[in-house]
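Participant: Shown below is the structure under consideration.
The values are calculated or read from the model by the stated rules, or taken from the named source; none is laboratory data. Please read all numbers here as calculations on a predicted model, not as lab measurements. Here the Cβ positions follow ideal geometry from the backbone for every residue, glycine too, while neighbour counts run over all protein chains shown. These area figures cover heavy atoms from the full protein model, side chains too; ligands, DNA and RNA do not enter into them. Shrake-Rupley method; radii C 1.70, N 1.55, O 1.52, S 1.80 Å.
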Amino acid sequence: MAKVLELGKSIDEGVRALLRFLLESGKIKGVLTLTKISRDDDVAYSLITNSELVEDTVPLYPLMPSNTAKLLTRLTLLEPMTEPIAAVVKPCELRGFIELIKLNQGSLENILFISSTCGGVYSLKTAEKGNVGEKLPQYWESIKKMEVPPDVRPTCKGCKYFLPYSADITVDLIGKEYNGKKCEILINTQKGEEFISGMEGELKEVEIPTEYIDSYRNKRLAEREKIFNEIRVEKFGLEELINIFGKCIGCHGCRTVCPICYCKLCYFDSRESDYKPINFETELERKDGMRIPPDTILYQIVRLTHISTSCVGCGMCSDICPVDIPLSIIFSMMGESVQGMFEYVPGKNVEEKMPLITFKTEEFVELEL
Amino acid sequence: MKGAKILVDNNREEVILEFLKKGLDRTCFDAILIPLKVPSEDSFAYVLLKNPSLLDRASALPPVMPVQGAKALYSLTKQGKFKQKVAIVMRPCEIRAGIELYKLKQTELENIFLISIDCPGVLPLSDYIKDPEKGTDAFKETVVQWGSEFTRPVCKICTRFSMVASDLHIGLLGAEDRNIFLIPRSEKGENLLESLDISLENDMESWVTKVKELQEERKKKREQEHKGLKSKIEGPDKFLETFSKCINCHNCMRVCPICYCRECYFDSDAMKLYPENYLMRAKNKGGLRFPPDTLLFHLGRMSHMVFSCVSCGTCEDACPVSIPIAQVFALVADNAQELFHYVPGENIEEPHPLATYKEEEFRDIEMPYVETYTKKEMKDG
Amino acid sequence: MENGFEPKIIYFMCSWCGTGGAETASAHHLYYPENVRPFRVNCTGSLSTVHILRALMEGADGVVISGCHPGDCHYNDGNFLARRKIALTKSILDTLGLGTERIWFRYVAHGEGKRYVDTASEFSDYIKNLGPNPLKARNDL
């Protein structure tokens, strides 16, 4: 049995009404959500404190300019929020933030998490020249029919975590009509209930049918398999690794947008990885030639080992890559394999310890020779 | 001006690589830093090589610039001078950026032999990677026409595609297809050609004339483009419209050869503030774009590096949302550099504008205090 | 102030002559408007261009910078370098049409109390005529 707040508005209007109510009632001082910021369909996250500006927000817009986990960590790194705010996040962004909390990079206090069952987002390249606006009707149609929208990010197409964990409030989106007449909002926690009390709408207790969620998940899993079959990461070998990552230009953009990569000074920017002239000269003695700047593939592999236990498969890395390396597919596949080995789901439970800081005395016996 | 005219049998690229092989064989230099084709054959990467057979995959004038050459030079020499002699083959903007980094004490040029080459422009990286075959053809046309619609936007208006302060310059302009020119630009260059038994008996008039002719054309085009661009982006509304897509990924800063700071000011703790600060700013304006300080990042980066901006355009290639960042920076850079009569990378002896001053200059920005300003009586303070 | 718009002015001053000017002004009981906020830096040469830009984007309507006269700088040439930095900032803002007239640079010596308050008042009135900074109202910076 779940608590559902039913609003007699479309989902589009309903979510905005919720944000407006929360701001006007003074229960929150600001809301972090997507909003329109230019004449074209450009959207950006904004911390809105004036309830009149809620009119321009587009909270469930299928675009992710940055992973909100990074924005929340920017807000709460130094200390927890002193006044309550709400954040409208997608499930992977929330999971990313929970992982960052485990890494001491933020705080959950005083934040009301509003999420939705997620249909996926378009890549940043699609968002050029207002293309997302053109695709919106088709996107909402796919959502209603419970089909996977054809041209969202590959990691979104194959994502099985479209139901948010740990959100206080979840907007029921998948299988529903976006511009219809009903908006159903699941209230998951006591905190959520306190915040919405006083809002216009019907609060009921309903049984959520799980079969349609299961069938949708199967569609996503089928897509996932298709995508992973196109790029058979497990068959890479050194040859294919060099082929795929050979054109990497070392811009480290993937690291900057990744929600899990939080290091103030990455190893690969530090003096540790600077080569002195003697190092270059020695390398040149051993090999006939050496790529400059060095450590292209080492960087990718080290980043894989550092973050794969926490990779939430958001897909920001592929979007940002200037040379179109399918990073998100490789990293999320690696993530899935590593997380399966440790039976760990990143961001599911803030109390659950990360795999590399805990152990069982009897495990991985097969590694011992 | 004297130089050497080399006859070309097959293609110009081959002759240049032959020349480099000779230099390696006779130990005029111990290693060469030059772009090589990557194994997947859809991009190029700078490789420091000792083995002349690796030059078979090299290109002195590749169709793309994935990594700005000055960044490769920086990676090589940032921790000290090279004891071995290295010849580096780069485009003029890369050479100029390398010299600017030398002024900023980030590269060492001792034992480095700079070889430049006339440059018609480069193709945007993502275009080339999508279809390397088509890109190769597009680049061939670009070399023949000396410019084309396929190149980076800033390459189309580049006026400094030749005649840089390198040690040796490979001239392609003014030489018919059957020739290339080898023009020494310093004593080091002259000595190199001498040690390779290449005599400087040819007059480089045709090169000088052709280069100057093209430079004049490009200057006019640049002025025109900049005027058009300025009217499209000036003023808060239009400027913010241009940057409305910016997601603050800082790719432009990271691929820029001039931006060398290990920890950029805009990534540092100075920009990471307490939550009250963000909430207070949001309350002041009704809302606060997140991540904040997008405009501050771009204007601040301009104020930090625009004197050394060589308009290479690598930033625009790296931008994931296709903001015309290189064009905007080129416009601002041109105006700032003109105000200070400074051309980045042109003269290694000339100090960086912010490292020097004249006592009598910029009198017009000092507000004159002509007469005592009289004011109505203030209320009791 | 009477007519509605009260500009927010940031007055960057160096620790030596600039602040000295302010202190001399206070010693002579000279008043300057309350909307001018003094901001002490060690030397105008140490003032980063980013601080000026940040002030203009976060709510200041105008920025005025005062340091020692040429030749009087405590650190020998900080004010010359500051002049160059301000010329650069103004050039950038001018090219992009973002309000180069909202930055003033005037030397103020230690004993020039009147010059200090006159600068503050003059600039405040000047900005009042210009109107509020358009960047101030934008929340999409």
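Participant: Which of the residues belonging to the range A:15-53 are surrounded by fewer than 24 Cβ atoms within 10 Å (Cβ to Cβ) and among the small types (Gly, Ala, Ser)?
Facilitator: Residues satisfying the conditions are A:Ala17, A:Ser25, A:Gly26, A:Ser38, A:Ala44, A:Ser51.
Participant: From the residues in the range C:57-72 that are within 9 Å of chain B (Cβ to nearest Cβ) and among the aliphatic types (A, V, I, L, M), which one is surrounded by the most Cβ atoms within 10 Å (Cβ to Cβ)?
Facilitator: Once the filter is applied, the top-ranked residue is C:Val64.
Participant: Being acidic (Asp, Glu) and part of a helix (DSSP H, G or I) narrows it down to one of A:Glu79, A:Glu109, A:Glu83, A:Glu55, so name that one.
Facilitator: Exactly one residue qualifies, and that residue is A:Glu55.
Participant: I want to confirm something. Restricting to the range B:67-87 and keeping residues that are touching a residue at least 60 places away in the same chain (Cβ under 8 Å), more than 7 Å from chain A (Cβ to nearest Cβ) and of a type in the set (A, V, I, L, M, F, W, C), which single residue is farthest from A:Tyr275 (Cα to Cα)?
Facilitator: The qualifying residue farthest from A:Tyr275 (Cα to Cα) is B:Ala87.
Participant: From the list B:Ala58, B:Ala70, which residue is more than 27 Å from B:Glu194 (Cα to Cα), touching a strand residue (DSSP E or B) at 6+ places or on another chain (Cβ under 9 Å) and either surrounded by 20 or more Cβ atoms within 10 Å (Cβ to Cβ) or among the aromatic types (Phe, Trp, Tyr) (or both)?
Facilitator: B:Ala70
Participant: Among the residues of the range B:240-268, which ones are in a helix (DSSP H, G or I), facing another protein chain (nearest Cβ under 8 Å) and touching a residue at least 40 places away in the same chain (Cβ under 8 Å)?
Facilitator: If the condition is that a residue be in a helix (DSSP H, G or I), facing another protein chain (nearest Cβ under 8 Å) and touching a residue at least 40 places away in the same chain (Cβ under 8 Å), then B:Leu240, B:Asn251, B:Arg254, B:Val255 are the ones that fit.
Participant: Scanning for something in contact (Cβ under 8 Å) with a residue 60 or more places away in the chain and open to solvent by 20 Å² or more (accessible area, probe 1.4 Å), does the range A:272-282 turn up at least one residue?
Facilitator: No, every residue in the range A:272-282 fails to be in contact (Cβ under 8 Å) with a residue 60 or more places away in the chain and open to solvent by 20 Å² or more (accessible area, probe 1.4 Å).
Participant: Quick one: A:Gly315 ticks every box in (1) in contact with a Ser or Thr (Cβ under 7 Å, 6 or more places away or on another chain); (2) without any contact (Cβ under 8 Å) to a residue 40 or more places away in the chain bar one, so which box is it?
Facilitator: Against the list (1) in contact with a Ser or Thr (Cβ under 7 Å, 6 or more places away or on another chain); (2) without any contact (Cβ under 8 Å) to a residue 40 or more places away in the chain, A:Gly315 comes up short only on (2).
Participant: Would you check which residues across the range B:122-158 are over 25 Å from B:Trp207 (Cα atoms), modelled with pLDDT under 95 and polar (S, T, N, Q) and list them?
Facilitator: The answer is B:Ser126, and nothing else.
Participant: To continue, here is another question. Could you figure out which of (1) without any contact (Cβ under 8 Å) to a residue 60 or more places away in the chain; (2) in contact with a Lys or Arg (Cβ under 7 Å, 6 or more places away or on another chain); (3) crowded, with 23+ Cβ neighbours inside 10 Å isn't true of B:Val122?
Facilitator: With respect to (1) without any contact (Cβ under 8 Å) to a residue 60 or more places away in the chain; (2) in contact with a Lys or Arg (Cβ under 7 Å, 6 or more places away or on another chain); (3) crowded, with 23+ Cβ neighbours inside 10 Å, B:Val122 is out only on (1).
Participant: Would you mind finding the one in A:Lys287, A:Lys360 that is among the basic types (Lys, Arg), out of contact with any helix residue (DSSP H, G or I) (no Cβ under 8 Å at 6 or more places or on another chain), without any contact (Cβ under 8 Å) to a residue 60 or more places away in the chain and more than 14 Å from chain B (Cβ to nearest Cβ)?
Facilitator: Unique residue meeting the criteria: A:Lys360.
Participant: Using the structure shown, decide if A:Lys70 is open to solvent by 10 Å² or more (accessible area, probe 1.4 Å) and more than 12 Å from chain B (Cβ to nearest Cβ).
Facilitator: no
Participant: So if I check each of A:Val206, A:Val257, which one is out of contact with any Asp or Glu (no Cβ under 7 Å at 6 or more places or on another chain) and either at pLDDT 95 or above or under 28 Å from A:Arg291 (Cβ atoms) (or both)?
Facilitator: Within the list A:Val206, A:Val257, the selection yields A:Val257.
Participant: Continuing with this model, one more query. Which of the strands (runs of 3 or more DSSP E) found entirely inside the range C:1-94 contain at least 3 residues meeting this: β-branched (Val, Ile, Thr)?
Facilitator: Result: C:62-67.
Participant: Within the group A:Leu173, A:Leu186, which residue is of a type outside the set (Lys, Arg), part of a strand (DSSP E or B) and out of contact with any His (no Cβ under 8 Å at 6 or more places or on another chain)?
Facilitator: Result of the check over A:Leu173, A:Leu186: A:Leu186.
Participant: Are any residues in the range B:317-337 more than 10 Å from every other protein chain (Cβ to nearest Cβ), open to solvent by 10 Å² or more (accessible area, probe 1.4 Å) and not in a loop (DSSP other than H, G, I, E, B), and if so, which ones?
Facilitator: Answer for the range B:317-337, where residues must be more than 10 Å from every other protein chain (Cβ to nearest Cβ), open to solvent by 10 Å² or more (accessible area, probe 1.4 Å) and not in a loop (DSSP other than H, G, I, E, B): just B:Gln327.
Participant: Show me the helices (runs of 4 or more DSSP H) entirely contained within the range B:65-132 in which 3 or more residues are under 17 Å from B:Cys309 (Cβ atoms).
Facilitator: The helices (runs of 4 or more DSSP H) meeting that bar are B:69-77, B:92-103.
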